[in-house]
Amino acid sequence: MDHDHHAAAWQRISTAVFTDGLTLTTACRACADDLHADFAGATLVVAGELRLLAAATDERARALEDAQLVTGEGPCTDAYTHREPAEAADLHHTAARWPAYTPIAREHGARSVLALPLTIGTLPVGAMDLYRSQPVPFTPDQKTRAAAYARILALLALDEHPHLLNAPSRPAQRGPQGYPPTVHMAAGVLAEKYDLTPDDALARLRAHSFHHNQPLLHTAQHVLNHHRLG
């Protein structure tokens, strides 16, 4: 039963808390271990926009969560936008679905993915991704357990980021409509240095990050430190 999955998920997380503390990352790691996923991540929402990488079990997860911000597409974005799970049993066959994101996912060793929205009642707060290195789909029972973890992660997200409750409600949008402040500051530096519009500066920042396979925040921080790209 669903109640049993919820209790089992909390039990798994509680065991991990003794060594790592109660955090989104701890919960993501417990979920990944429980459901035989190789890595996992969670992205949160501000004002109806996917923009905050909140948890990653390792660098692969961090890179793929960031890739969805850079490309504006992927399972996390779909799960949040449509308020329902998004799944790809084999990422070798999703080029048409996520043409920019899929090659990055494969390059980082992901072959299958299950993404679930993070919601509190009707309030969307983000989405989580579970990745496998082999094209092995998640079973119905594992999906039910994953949904239980998603409810727990949503609660932890509000605990760690209470400002999400005060974010203005906006319709779900596909793509990375908002960015962390570091990205906007870096775009401002490029706009001034190269006489670009803010939109063009942001596009150049994203293009450089995508071309060099770097996390967007890493590229932005480099610009702030050196006042130039790469």
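Points worth noting:
- Formal net charge of residues neighbouring residue 110 (Cβ-Cβ distance under 13 Å; K, R +1; D, E -1): -3
- Distance (nanometres) between label positions extended 7 Å along Cα→Cβ at residue 33 and residue 155: 2.0 nm
- Cβ-placed point charges (K, R +1; D, E -1), dipole of the chain about Cα centre in debye, nearest 20: 260 debye
- Part-to-part distance (alpha-carbon centres) for the stretch 90-133 and the stretch 1-79, which is given in Å: 12 Å
- Counting only Cβ charges, +1 for Lys and Arg and -1 for Asp and Glu, the dipole size of the stretch 70-111 around its Cα centre is about 60 debye.
- Each of 218, 5, 93 has its accessible area taken with a 1.4 Å probe; listed largest first, they run 93, 218, 5.
- For residue 13, the solvent-accessible surface computed with a 1.4 Å probe is close to 0 Å², ligands and nucleic acids excluded.
- Among the protein heavy atoms of the chain, carbon and sulfur supply 54% of the accessible surface, probe 1.4 Å, non-protein parts ignored.
- Note on the stretch 65-150: along the principal axes its Cα atoms extend 35, 28, 18 Å, ordered by decreasing extent.
- Our Cα-only numbers for the stretch 13-172 put the radius of gyration and Dmax at 14.3, 44 Å.
- The mean accessible area for residues of the chain, using a 1.4 Å probe and ignoring ligands and nucleic acids, is 46 Å² per residue.
- Considering helices alone, the calculated mean residue ellipticity of the chain at 222 nm is -16500 deg cm²/dmol, with DSSP H runs of length four and up weighted by -39500 (n - 2.57) and normalised per residue.
The values are calculated or read from the model by the stated rules, or taken from the named source; none is laboratory data. Please read all numbers here as calculations on a predicted model, not as lab measurements. So basically every Cβ, Gly included, is an ideal-geometry build from the backbone, and we count neighbours across all protein chains shown. We work out accessible area using only protein heavy atoms, side chains counted, and drop any ligands, DNA or RNA first. Shrake-Rupley method; radii C 1.70, N 1.55, O 1.52, S 1.80 Å.
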